[in-house]
Amino acid sequence: MRPAESTPLLAPAAIAETADTIAAVQEPDGAIPWYTGGHTDPWDHLECAMALRIAGRADAADAAWDWIRRTQRADGSWATSYVAGQIKDEFADSNQCAYVATAAWHTWLATGDRAFLHRMWPVVRGALDFVVALQATGGQIWWARSASGAAYPEALLTGCSSTLHSLRCGLGIAALVGETPPGWEAAAGALRHAVGNHPERFADKRRWSMDWYYPVIGGAVRGSDGRARLRSRWDDFVVEGLGARCVADQPWVTGAETCELAIALHLVGESVAAATLVRDVQRLRHVDGSYWTGWQFAERVYWPQEQSTWTAAAVLLAVDTLAGGVTEAAFRGDDLPAWPPAPGHGSDGAGSDGAFEDPQRSCA
């Protein structure tokens, strides 16, 4: 891992410029699609809201939260995708629904606005109750529920790792608003144990880089075990000078995966390597401050031909993390309740021995 230079990752003016490109794509109802005319999904919409907040675009972030409140369904879920204000894919993705808790906690850290937490508490509670109802007996959480109410009996390691952190954020919000949601603590303990110890309970997605690093971001594997995990497949996914592949078997580095890997590295003390990756990904920066989704380095072309809002958001969140901003605190778990125990595992259900190798935004 080569050293990073000492210059800032992004100047304030560049951060503002990138945030403005995200806000420019936002639709009149507050939705933030992947790109103009594209679809909106709740997870990436919330990631963009987080990035807008830390970049000073409170107006756009507030509009994004208003969209979340208006579009939540009676069962606590959101549809998986929306286009131009209409539902495109009606089924609900558990991780997309859970992420509202992570984003709400991030907003709390950025603003200190307790009224916001109280306003969003019914939204967070409904979402996490929906998610916990999809937990299997082995601790893993099924990835989706159909419009008719049937669970899809498959669990995804990336999604469950992200959901794990969201559950802990939900517990933190509950404590601040004086609520005790039944079942969340036990669900988080069981999920953490599954993520940290039972790779066989998850679909085999090891070709995706997210399955490699997301257990670190989600908090199931940290410290020396987290470092060992990230070293274990470094050569499979990281291309020197370019960033991280989305999938191990394609000559394609992607900005979001590279920046998420940088966050994971920073969380386990590999901040020099993290900064290097964020600098490497600047080759994807467009002249207007947006970011191409990825670079196909065999053909030497940007692919796909889009500047995705969630790639720009991932860059801003990684920059904030490495600068010691609220994003670092949010993912490090500052001020969150202690990890709940796994069933039958005393006070620490981590089981984080770094012994599993195994995610998913859709990659070819």
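Values in this text are rule-based calculations from the coordinates and carry no lab data. Keep in mind that what you see is a predicted model, and the values were worked out from it rather than measured. Here the Cβ is made from the backbone with ideal geometry for all residues, glycine too, and neighbour counts use every protein chain on show.
Under a Cβ-Cβ cut-off of 11 Å, what is the net charge of the residues other than TRP184 that fall near it, where Lys and Arg count +1 and Asp and Glu count -1?
The answer is -1.
Please give the FRET efficiency for PHE116 paired with TRP303, using the beta carbon to beta carbon distance and R0 = 35 Å, rounded to the nearest 0.05.
0.35
Enter the per residue convex hull volume of the range 12-332, computed from alpha-carbon coordinates, in Å³ rounded to the nearest integer.
So the per-residue Cα hull volume is 123 Å³.
Given only helices, namely DSSP H runs of n ≥ 4 each adding -39500 (n - 2.57), what is the per-residue ellipticity at 222 nm of the chain, to the nearest 500 deg cm²/dmol? Write out the running numbers ahead of the final one.
Values: 14 runs with 181 residues, N = 364.
Estimated from H runs of four or more residues: -15500 deg cm²/dmol.
Quick one: net charge around CYS48, please, counting Lys, Arg +1 and Asp, Glu -1 for every other residue with C-beta under 11 Å from its C-beta. It would help to have the intermediate numbers written out before the result.
Values: positive: ARG53, ARG57; negative: ASP41, ASP44, GLU47.
After counting each charged neighbour, the total is -1.
Need one number: nm distance between label points at HIS286 and ALA24, each 7 Å from Cα along Cα→Cβ, rounded to one decimal.
0.7 nm
For the chain, what is the charge dipole size about the Cα centre, in debye to the nearest 20, if Lys and Arg each add +1 at the Cβ and Asp and Glu each add -1 at the Cβ? Spell out each step's value before the answer.
Working: 29 positive and 43 negative charges, 55 e Å.
Using only the charged Cβ atoms, the result is roughly 260 debye.
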